[in-house]
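Q: First, the structure itself, so that you have it in front of you.
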Amino acid sequence: MDEWVRRQLAEDPSRAERFQLMCDLFPFPHDATVTILDVGAGYGPVSMFILDRYPHATCIAQDGSEPMLNRARHLVAKYGERFKLHQSDLFEVSWLPEQFGPFDAAVSSSCLHNLRDFKRIREIYGEIRTHLKPGGAFLNADLINAPTAALRQRYDGVAATRRHREGAPAEDLAEMVRHGRRSPATATRGPFPATLDQHLAALKAAGFKDIDCFWKELRRAVFGGYA
Ligand SMILES: C[S@@+](CC[C@H](N)C(=O)[O-])C[C@H]1O[C@@H](n2cnc3c(N)ncnc32)[C@H](O)[C@@H]1O
């Protein structure tokens, strides 16, 4: 996990553009007093991004992993009552910290694909929708499958070309394969639980409106809708 966190931290500057987009899509102004649910918050990068820009916001960082939440715990010292931790397993019916809701927005970053269970993800969309205020936003930045086998191959080709252009030495890649580690490029290869179209359909079935993909690059996307 340490290696994963290190890699994510290194990627945080580029992830910040997506986090900013999520904030720009919130249905409230910067000075609003709001409560935001961060699903699979991990070490808290999305919550931290929001709390730095919304001085009256409270973020509830939900995650199933105690070590991950421990990494986020230092944010309690920084933000006090504006940052709360909630440990629960997304496969449990009662995972949602409803005592802090209803929420003005819910966000999730790089989490739900880990469940590897699209049926459960569809249910979670419904559970989030039920706990949003009218007009509240759900914004999910996650990994998705390519829509066709041909595009999957093409995306693999793009990833390989980028890797080459960025100068990843062949021996480093061979080493990663030998040790069963995934390079950043293969880490986005999948298969993931669903395509973008399937996610958008699931959001519609969960009762969201104004559903869209707000940003996409190969197998990464930011999508969501409003309650
Ligand atoms: C890839 S990390 C993303 C963390 C953070 N949102 C980010 O963008 O850096 C995925 C997170 O999902 C959490 N997670 C995975 N499966 C879960 C489950 N079944 N219940 C609760 N959390 C889970 C993991 O503990 C981990 O913190």
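Since every read-out is calculated from the coordinates, none of them should be taken as a lab result. Bear in mind the structure is a predicted one, so any value in this text is a computation, not a measurement. Heads up, the Cβs are rebuilt from the backbone with ideal geometry, glycines too, and the neighbour counts pull from every protein chain shown.
Q: Based on the mean of other beta carbon atoms within 10 Å per residue, what is the order of 12-21, 213-222, most packed first?
A: Descending mean neighbour count gives 213-222, 12-21.
Q: Next question. Taking every DSSP beta bridge with both residues inside the chain, roughly what % is antiparallel (nearest 5)? Please report the intermediate quantities before stating the final value.
A: Working: 13 of 35 bridges.
Of those bridges, close to 35 percent are antiparallel.
Q: Continuing with this model, one more query. Which peptide among 57-66, 143-152, 91-100 comes first, and what is the full order, when sorted by highest mean count of other Cβ atoms within 10 Å?
A: Working: 57-66: 21.7, 143-152: 15.6, 91-100: 13.4.
So the order, starting with the most tightly packed, is 57-66, 143-152, 91-100.
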